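Engineer: My questions will all concern the structure given below.
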Amino acid sequence: MNKFAQLDRQFVWHPFTQMRDWLQSEPIVIAEGKGAVLRDVQGREYLDANSSIWTNLHGHQHPKIDTAIRRQLGKIAHSSALGLANEPASVLAGKLVEAANSCAEADESRTPSSASSPRRLQKVFFSDDGSTALEVALKLAYEFTRRQHGKTAGQASSRARQPKFLSLEGAYHGDTVGAVALGHIDLFHRGYSGLLFRTDKVMAPYCYRCPFNRAGPERAEAREYRKCRWECIGKVEQRFSAQKKKRNPYAALVFEPLMQGAAGMIPQPQGWLRQAADMARAHGALLIADEVMTGFGRTGFVAATCDRRTSPGDSGGGHRPPLQPNLFACQHEGVQPDFLCLAKGLTGGYLPMAATLTTQNIFDAFLGKYDEFKTFFHGHSYTANQLGAAAALASLEMLQSPESAHARSALEKTLRQELETLWSSPNVGDVRQVGLMAGVELVKDWQTREPFALPERAGIRVCEAMARRGVLTRPIGNVIVLMPPYCTTRTQVRRMVAALADSVETALRG
Ligand SMILES: *Cc1c(COP(=O)(O)O)cnc(C)c1O
């Protein structure tokens, strides 16, 4: 056995991994990567079909990001953000704010506002990964809401009223305790319920398995042929109204826009986001958008310009407005959140770095005389790390180039075409694509939608078979994720999808 494999088996505990299974075989040890290809210590090559767990954007060893990091390394790798500023992080904060506000005006026109644009995301709090980006938003929203209560109702009742959060069924927002509290994946979260504060959940759209969807199975994405009356949106409304009657309206709605990732790659029908956001706003709740997965161009060019209006009567399809290279999922439906949480792709998949963007209004609530102690008492050692910021700046510059927009648009189309081929398999129940992300839900029989039981490990078996065919990805239960880096060629996409089709055939039928 390779010596690194041996060391790994002896000492490393892997995340989200049943280590007993892990120890039964020799792990793939990655030695290098270039573009969409990973190479292991034996010299075998694999396609990185999930962008190294959704982080990589432009491919491995990208010359522009490599150069940016090397250049920064020639100056300094890290100095603290506690008490000190630095060059790349300050520039990055400005660029993120710029990129995040391309839809602010459109959203504000829906509710009158002054020229000072209260919906603008103005301030950037850096941290290290997706979970911490959410922790920051959560703590800020919590404290902001308490302070608002305090202003209107006096100290006593502000203590009595704990701000409450509403998030979506199946939600995943990270693994630190606060982020876990916002999540609703029983399998991951149940065991820690004693550690968590309580949050409420509301039905999330999941058209393929929606009890309100009256359409029988078809060979197309369930979202497109669904028959419903937007009951899922009705549920959101019910939640907000019920909470209002308890005289403790929700502080915030927390959501992944357009597609819930770890929930099982579950896309929202067009217009859901807009309606849910409007409802939350109408009830005075803040919007916390978790774009840890969906951010930085992943949602591609689907539908919509900023001012697009959708209504319950509009069931999608039909006229598509011109391409608009939105970097963030919220922008597709003109939704401007109060908190935008970014991580995974922020550095192009190179280094752990995260950002929580928020508004001037939230920021101002933490201003005061030193001894009022209104300070946001939160921070991490590597906050605003220079190497990470340098990588992020290089990545962002590429994302905003016309060449990158073009490549993403082409890749999105190729992926769509190739995924079409999967419908011929009786074990493919739903194929869900939003931009450059796709989930393929495996079932025993497409005509009954009968799922594989978890102990059958259908998703794991298929991914193991894909690895033998030189394609790496990880399943979410029975859902196979395809999320190629933006540099993936047409031939490579074809190989990814062909490996998936073959593997379904052999692992589930053969
Ligand atoms: C991955 C992920 C997180 C957590 O990010 P980490 O960097 O793994 O802590 C949070 N939210 C979403 C939507 C994610 O996909």
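The values are calculated or read from the model by the stated rules, or taken from the named source; none is laboratory data. Computed from a predicted model, the values in this text were never measured in an experiment. In this analysis, Cβ positions are derived from the backbone assuming ideal geometry, glycine residues included, and neighbour counts consider all displayed protein chains. Protein only, heavy atoms only, side chains kept; ligands, DNA and RNA dropped before computing areas. Shrake-Rupley method; radii C 1.70, N 1.55, O 1.52, S 1.80 Å.
Engineer: Is it possible to state the helix-based mean residue ellipticity at 222 nm for the chain, with each DSSP H run of 4+ residues giving -39500 (n - 2.57), the sum divided by total residues, to the nearest 500 deg cm²/dmol? What is it?
Structural biologist: My calculation for the chain gives -10500 deg cm²/dmol from helical runs alone.
Engineer: Take 279, 293 and sort them by solvent-accessible surface of the protein heavy atoms, 1.4 Å probe, largest at the top.
Structural biologist: Numbers: 279 30, 293 5 Å².
Sorted by accessible area, descending: 279, 293.
Engineer: Calculate the FRET efficiency for residue 64 and residue 494 from the Cβ-Cβ distance with a Förster distance of 30 Å, rounded to the nearest 0.05. Intermediate results must be reported in sequence, preceding the final value.
Structural biologist: Working: r = 26 Å, r/R0 = 0.88.
My answer for the efficiency is 0.70.
Engineer: Right, something else. Please give, to one decimal in nm, the separation of the simple spin-label points placed at residue 198 and residue 162, each 7 Å out from Cα toward the Cβ.
Structural biologist: Simple spin-label model gives 0.7 nm for this pair.
Engineer: Rank these by accessible area, largest first, 1.4 Å probe: 53, 476.
Structural biologist: Numbers: 53 80, 476 40 Å².
Correct descending sequence by accessible area is 53, 476.
Engineer: If a paramagnetic tag sat 7 Å from the Cα of residue 403 along the Cα-Cβ line, which residues of segment 466-487 would have the backbone N under 14 Å from that point?
Structural biologist: Taking a point 7 Å out along Cα→Cβ of residue 403, the residues of segment 466-487 whose backbone N falls under 14 Å are 487.
Engineer: Leaving out ligands and nucleic acids, and using a 1.4 Å probe, what accessible area per residue does the chain come to in Å²?
Structural biologist: Numbers: 22880 Å² over 510 residues.
Solvent-accessible surface per residue comes out at 45 Å².
Engineer: Gain in length, residue 218 to residue 17, computed as 0.36 nm per residue apart minus the alpha-carbon separation, to one decimal in nm?
Structural biologist: 68.9 nm
Engineer: Express in Å², to the nearest 10, the accessible area of residue 102 obtained by rolling a 1.4 Å probe over the protein heavy atoms while all chains stay in place.
Structural biologist: Answer for residue 102: close to 70 Å² accessible.
Engineer: While we're looking at this one, here's another question. Measure off 7 Å from each Cα along the Cα-to-Cβ vector at residue 187 and residue 447, then give the distance between these two points in nanometres to one decimal.
Structural biologist: With each label point 7 Å from Cα toward Cβ, the separation is 2.8 nm.
Engineer: Please compute the modelled spin-label separation between residue 90 and residue 360, points set 7 Å along Cα→Cβ, answer in nm with one decimal.
Structural biologist: Taking the simple label geometry, residue 360 and residue 90 are separated by 2.1 nm.
Engineer: Would you mind computing the Rg to Rh ratio of segment 357-423 from its alpha-carbon coordinates, Kirkwood style for Rh?
Structural biologist: On the Cα set of segment 357-423, Rg over Rh gives 1.28.
Engineer: Continuing with this model, one more query. Given H placed 1.01 Å from N in the peptide plane, which residues other than close sequence neighbours of residue 297 have an amide H under 5 Å from its amide H?
Structural biologist: Here 328 satisfy the definition.
Engineer: Taking 0.36 nm per residue of sequence separation and subtracting the Cα-Cα distance, how much length would be gained by fully extending the chain between residue 424 and residue 505, in nm to one decimal? Show your work: numbers first, answer last.
Structural biologist: On the way: separation 81, 0.36 × 81 = 29.16 nm, distance 1.07 nm.
Full extension from residue 424 to residue 505 adds 28.1 nm.
Engineer: Another question, then. Which listed residue (398, 387, 427) has the Cα farthest towards the positive end of the charge dipole for segment 361-487, taking +1 on Lys and Arg C-beta and -1 on Asp and Glu C-beta about the Cα centre?
Structural biologist: The listed residue farthest towards the positive side: 427.
Engineer: How big is the accessible area of residue 381 in square angstrom, nearest 10, if you roll a 1.4 angstrom probe over the protein chains?
Structural biologist: Roll a 1.4 Å probe over it and residue 381 shows about 90 Å².
Engineer: Moving to a separate point now. Suppose the chain between residue 31 and residue 237 were pulled fully straight at 0.36 nm per residue; how much longer would it get relative to their current alpha carbon spacing? Walk me through the numbers before you get to the answer.
Structural biologist: Values: separation 206, 0.36 × 206 = 74.16 nm, distance 5.08 nm.
Contour length minus the Cα-Cα distance gives 69.1 nm.
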